[in-house]
Amino acid sequence: SGEVASPDAPSASPGSGSPAGAVGGDCAGEVAEIVEHLDRLRVRVESLDGYAAVALLTQLDEVLTVGEGVRLSAVSRVQRSEVWRDAANQTANSFLRARSIRDHGQASKDLRAAELDTYSVVRDAVDSGKVSRGHVDVVVSVGLANKVRERVLPQFLPSLMTYAALVPVADFRRTMRAWAAAVDPIGVGDNETDVFKRRYLRVSHLGDGV
């Protein structure tokens, strides 16, 4: 639970700003193959009936989620490599903004979410295609909101990821807020009475959600 995965990507060459070996070129070719597959799939969509289209939507949701997980892993790799230090007066945020269509806020969210990529339980959940970037962003915004929550979050991540795979983001956000109220009542409560009411966490599965 909360196990930190060891980085296994090649390190950056000093001063070069590029990963060791020709990893970038290999990945570019693989990405191009993915785009080609999606182009062929786009053509086939026109011949699908409604049921087949719905089935495809479910599969595409998983594919997009896995792709977002790969993207977060790449952001995490950029962050760990400190490649931006090769450019004068740049931070990880400005480095990402200069190389992608991201504003400051989006780049900050990417970097924050990428911190969770170091936890194997989160990475596995995203790689499965069942836990979306939206779920990850909820964990970041609620679970890493302060030091109290950040300290206890790792022990809850396995259960949270299992639950996230079962519900939409909105339901998961409500549960995360209830979790925050249980582990950090002072940070959530507006007054002593509110803190007292929030001291227990109760989660119930209902027909239309949680």
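All of the numbers you see were taken from the coordinates with simple rules; none came from a lab. Predicted, not measured: the structure shown is a model, and the values here were computed from it. Note that we place each Cβ from the backbone using ideal geometry, even for glycine, and neighbour counts take in every protein chain shown.
With contacts taken as Cα pairs under 8 Å and at least 6 residues apart, region 120-178 reaches a relative contact order of 47 percent.
Ranked by the mean number of other Cβ atoms within 10 Å per residue, highest first, peptides 159-168, 120-129, 54-63 order as 120-129, 159-168, 54-63.
Near Tyr119, the amide H atoms lying under 5 Å from its own belong to Ala5; only residues 5 or more places off or on other chains count, and H is placed 1.01 Å from N. May I ask you to list the residues of region 154-181 whose amide nitrogen lies under 12 Å from a point 7 Å from Cα along the Cα→beta-carbon direction of Val148? Counting only backbone N, you get 180-181. In nm, give the distance between the simple-model label positions of Val167 and Glu33, each being 7 Å from the Cα along the Cα-to-Cβ direction. Result: 3.9 nm between the two label points.
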